[in-house]
Amino acid sequence: MSAHGSSNVTMFTLPEDQRLRGYENYASWVITMELYGKPKGLLKYWENKIVVPPVPKDDSDGADAGTNPLPFPIMTSAESTTPTPLHSETPLRLEYELHESVALSSILINVVDIAGAGLNHKGKSYEA
């Protein structure tokens, strides 16, 4: 397996009987989530131990600010594009966005009643 496993971050779904139903199974659910999430590199996201990379600057250096026709910032040549290892605490911006999305989705999909649990489906995984 490659040391650069960023593309291997995938969401997981627990069996129905192991999903969070409330206080009665919270303790066992947390342990099960950690067992599934840690090897996938998600635990550090859930514990807010990841350094959030800055939003890339527009390549125009301010000369043509606001004229980028693309729906995403253009990366400057100074920014690294080398993938980071799966468990890196300093991922690239795109890696961070992907991993954070997977981390939050892995929590939400393993809760029986998201609204009843008071979880913010648009927040960060460590807030859930």
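Identify the single condition in (1) part of a helix (DSSP H, G or I); (2) hydroxyl-bearing (Ser, Thr, Tyr); (3) at pLDDT below 95 that Ser105 does not satisfy, given that it satisfies every other one.
(3)
What single numbered condition from (1) at pLDDT below 95; (2) more than 22 Å from the chain's Cα centre (by Cα) fails to hold for Pro54?
It fails just one condition, (2).
I need a count of the residues in region 87-116 that are closer than 20 Å to Phe12 by Cβ, surrounded by 15 or more Cβ atoms within 10 Å (Cβ to Cβ) and aliphatic (A, V, I, L, M).
8
The values are calculated or read from the model by the stated rules, or taken from the named source; none is laboratory data. Keep in mind the model is a prediction, meaning the values are calculated, not measured. Backbone-built Cβ (ideal geometry, glycine too); neighbour counts: all protein chains shown.
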